[in-house]
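Novice: This structure is in structure tokens; I'll ask about it shortly.
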Number of protein chains: 2
Amino acid sequence: MTTFVTLTQEEASQLSHEILTRYGYSQPHAAAITRNIVAVQRDEGHSHGLYRLISCVDTLRRGGVSPDAVPRIEDTAPSVVRADANNGCSLLAFEQARPLLIDKARTNGIALLAINNSFHFSALWPEVESLAEEGLVALAMTPSHAFVAPAGGSRPLLGTNPLAFSWPRPGRDPFTFDFATSMVARGEIELHRRAGKSIPDNWAVGEDGLSTTDPEEALKGAMLTFGAYKGSALSMMIELLAGPLIGDVLGHETRPATTENSGRPWHGELLIAIDPHKLLGDTMHYHLEHAETLFEEVLSQGARLPSQRRYEARMRSKETGINIPEALYKELTMLRDTSL
Amino acid sequence: MTTFVTLTQEEASQLSHEILTRYGYSQPHAAAITRNIVAVQRDEGHSHGLYRLISCVDTLRRGGVSPDAVPRIEDTAPSVVRADANNGCSLLAFEQARPLLIDKARTNGIALLAINNSFHFSALWPEVESLAEEGLVALAMTPSHAFVAPAGGSRPLLGTNPLAFSWPRPGRDPFTFDFATSMVARGEIELHRRAGKSIPDNWAVGEDGLSTTDPEEALKGAMLTFGAYKGSALSMMIELLAGPLIGDVLGHETRPATTENSGRPWHGELLIAIDPHKLLGDTMHYHLEHAETLFEEVLSQGARLPSQRRYEARMRSKETGINIPEALYKELTMLRDTSL
């Protein structure tokens with residue numbers, strides 16, 4: 001059983017900000033990181049919430065991130081923005097490039113943002129959702145940490161390569177999804193190993209390239225993508241778009257923060273924003289309402305929308321505060337309070 | 001056993017052109033349709049090759065398509081082209097809008113093409129591949145025929161919603177994929193029914209919304225997407241992007257050509273083209289070569305690239321001619337030769 005500690009949004013933000021600045025992050029970086037992880041924690045996204053403060057500090061201690069980098073925002077082409085994070089965290093680069101991305105999408109109909117040379121650890125949905133809140137349709141993707149074999153392969157090559165999408169809904173929370181293209185998170189396999197449980201046969205292959213239900217074998221071998229060869233193709237697309245297309249690394253060249261002698265999960269990110277108003281003009285309202293019929297039909301079948309649980313968690317957090325596991329809370333306050 | 005008839009590319013094209021014009025398609029439509037389906041047949045894509053001539057004629061006879069529609073190409077915004085197919089086939093609209101899409105991608109870095117009011121039956125890969133041959137990275141998607149339930153649902157709502165992607169490879173065939181987001185084609189379930197075989201439990205649900213291995217139950221119920229809730233989310237994204245975003249219909253509003261009193265598989269299509277040169281400038285060549293390391297690693301594991309079989313078929317067809325099943329060949333020549 002996990003015991004939770006409840007904080008107000010202000011308390012959670014203050015805790016995050018104090019830890020980040022204490023270990024050397026500049027005010028702007030600490031603020032951008034705090035906004036992201038508190039938003040995720042508020043939605044009960046524990047894996048990408050305040051927990052990530054630990055790796056933010058760890059990566060900094062290992063020299064894996066510049067704590068006071070000033071992103072360079074470049075107007076590359078009429079529909080292209082480039083944000084060089086200058087070895088800093090991706091989140092500040094995104095925030096600073098965001099107004100120009102929005103402006104270009106509104107002017108030209110569609111625009112692309114490439115974030116390069118960045119320390120990247122965050123969930124993508126807060127970024128696409130922040131664009132949907134401006135009335136734009138948004139996509140985001142990153143290549144990340146090669147734990148995954150391509151369909152038919154036997155060795156880690158592809159990242160866990162998340163894809164996030166957000167669609168503006170008039171008067172409602174956006175329709176948003178954000179999923180890794182790996183079948184499960186690597187941590188899930190680790191949890192099964194610790195519990196001595198077998199894993200489903202479509203999660204991973206052993207070193208021999210054959211499907212395995214043994215978590216030990218799986219951790220020595222490679223994870224699989226979701227959706228067999230289709231998921232594998234999609235994952236390769238993400239590698240290409242958020243890698244070579246924007247002049248950045250492939251998944252097998254990113255460096256997990258957990259490896260010895262290495263401290264930076266370092267890779268690019270690609271975002272695409274589309275302005276429905278530029279495409280549809282005065283008919284936009286009609287077509288956005290039309291899209292609602294799709295969501296209504298999903299719900300009327302008793303199915304759920306992808307972001308539904310998260311929005312329910314957000315409502316709860318607004319009413320009762322932000323919940324974080326007590327053990328994590330203790331670890332974070334220790335990080336804040338012990339002498340350096 | 002299927003017996004095949006071998007035709008030269010010219011013979012296959014002539015057969016297609018004669019059939020299409022005989023039943024009333026204008027020269028430009030007949031030419032555009034022929035180019036697409038002969039290219040697919042050449043790659044041994046039997047389901048979307050010359051076989052589709054039958055439904056092209058059938059749809060026309062039912063009054064489901066304008067055989068001589070002149071597409072209207074509209075320069076909607078700096079990075080947006082709109083092609084109103086004017087109730088004609090999507091393929092001519094694509095061909096006529098393509099130069100402006102390419103031009104906009106090269107000028108602005110990224111551009112979007114929306115095809116509306118179109119009779120649509122074709123594989124998407126020839127379109128994205130034709131953009132990759134111009135050095136662009138391309139995506140295409142359509143919502144199509146609601147046979148698929150959302151994850152957790154029980155009734156057909158989503159289309160089979162294909163997604164196609166192509167990436168230019170210097171001196172090589174592009175890296176291309178084109179897959180339906182349904183687990184399998186509906187025809188696969190029909191084939192199992194006819195053969196009295198059960199289907200895997202992740203292909204479909206019965207009318208009760210529960211997973212079924214009985215093809216009869218599956219055909220009464222709904223197909224499933226590939227990749228469970230992730231595939232379902234992706235399919236919904238395609239519905240939204242190639243539907244309401246471009247002012248067109250959702251999957252459950254498209255009309256299959258096989259239904260009585262209806263003769264048009266009618267829906268929109270969205271394409272996105274990105275110019276790597278505009279993003280990368282002089283470093284483009286380096287980064288495209290870098291992308292090759294991903295493909296090499298896939299192959300070195302003994303895995304295949306998504307389009308590999310198709311390119312091998314293309315090589316065979318170049319050497320020995322285009323193969324079509326004899327029964328289909330007879331049906332097509334009859335369509336060409338019987339008096340109207």
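Read-outs throughout are calculated quantities, based only on the coordinates presented, and are distinct from any laboratory measurement. The model shown is predicted, which means the values in this text are computed figures rather than measured ones. Positions of Cβ are generated from backbone atoms using ideal geometry, with glycine treated the same way; all protein chains shown enter the neighbour counts.
Novice: Taking every eigenvalue of the Cα gyration tensor of the range A:190-340, multiplying by 5 and rooting it, what semi-axes result, largest first, whole Å?
Specialist: 35, 27, 23
Novice: With just the Cα atoms of the range A:52-119, tell me how far they stretch along each of the three principal axes, in Å, largest first.
Specialist: Largest to smallest, the principal-axis extents are 42, 19, 13 Å.
Novice: Further, regarding this structure: Determine which chain B residue has its Cβ at minimum distance from the rotation axis mapping B onto A, giving the value in whole Å.
Specialist: In residue-and-Å form, the answer is B:Gly227, 1.
Novice: Could you give me the radius of gyration and the Dmax of the protein assembly as shown, taking only the C-alpha atoms into account and expressing both in angstrom?
Specialist: Looking at the protein assembly as shown, its Cα Rg and Dmax stand at 25.5, 94 Å.
Novice: Between A:Thr320 and B:Ser47, what is the spin-label point distance in nm, taking each point 7 Å from the Cα along the Cα→C-beta axis?
Specialist: The two pseudo-label positions are separated by 4.8 nm.
Novice: Please list 3J(HN,Hα) in residue order for the range A:188-201, calculated via the Karplus relation 6.51 cos²θ - 1.76 cosθ + 1.60 where θ = phi - 60°; whole Hz, with x for glycine and proline.
Specialist: These are the phi-based 3J(HN,Hα) values: 5, 5, 4, 4, 5, 4, 4, 7, x, 9, 7, 10, x, 7 Hz.
Novice: Which far-off residues, 5 or more places away or on another chain, put their amide H under 5 Å from the one on B:Gly247, with H placed in the peptide plane?
Specialist: none
Novice: List the distances, in nm and shortest first, from the label point of A:Gly63 to the matching label points in every other copy, placing each point 7 Å from Cα along the Cα-to-Cβ direction.
Specialist: 7.8
Novice: Next up: Summarise the partner chain shielding of A:236-248 as one whole number: the mean count of Cβ atoms from other chains within 10 Å of each residue's Cβ.
Specialist: So the per-residue partner count for this stretch is 6.
Novice: For the cross-link pairs A:Lys220/B:Lys230; A:Lys278/B:Lys220; A:Lys197/B:Lys230, which exceed 29 Å when the distance is taken from alpha carbon to alpha carbon?
Specialist: Checking Cα-Cα distances, A:Lys278/B:Lys220 exceed 29 Å.
Novice: Now, a different point. Using alpha-carbon pairs under 8 Å, 6+ residues apart, how would you state the relative contact order of chain B in percent?
Specialist: Dividing the mean separation by the residue count of chain B yields 22 percent.
Novice: Karplus couplings for the range A:285-298 from phi (6.51 cos²θ - 1.76 cosθ + 1.60, θ = phi - 60°), rounded to Hz, Gly and Pro as x?
Specialist: 3J(HN,Hα) across the range A:285-298, in whole Hz: 4, 4, 6, 5, 5, 4, 4, 4, 4, 5, 5, 4, 5, 4.
Novice: Find the Cα radius of gyration of the range A:115-256, compare it with 2.2 N^0.38 Å by division, and give the number to two decimals.
Specialist: After normalising by residue count via 2.2 N^0.38 Å, the value is 1.12.
Novice: Counting every Cα pair in chain B, what percent are over 37 Å apart?
Specialist: 18
Novice: Based on DSSP H runs of at least 4 residues, each adding -39500 (n - 2.57), what is the mean residue ellipticity at 222 nm of the protein assembly as shown after dividing by all its residues, to the nearest 500 deg cm²/dmol?
Specialist: -13000 deg cm²/dmol
Novice: Work out Dmax and Rg for the range A:74-179 from the C-alpha atoms and quote the Rg first, both in angstrom.
Specialist: When restricted to the Cα atoms of the range A:74-179, Rg and Dmax are 15.1, 47 Å.
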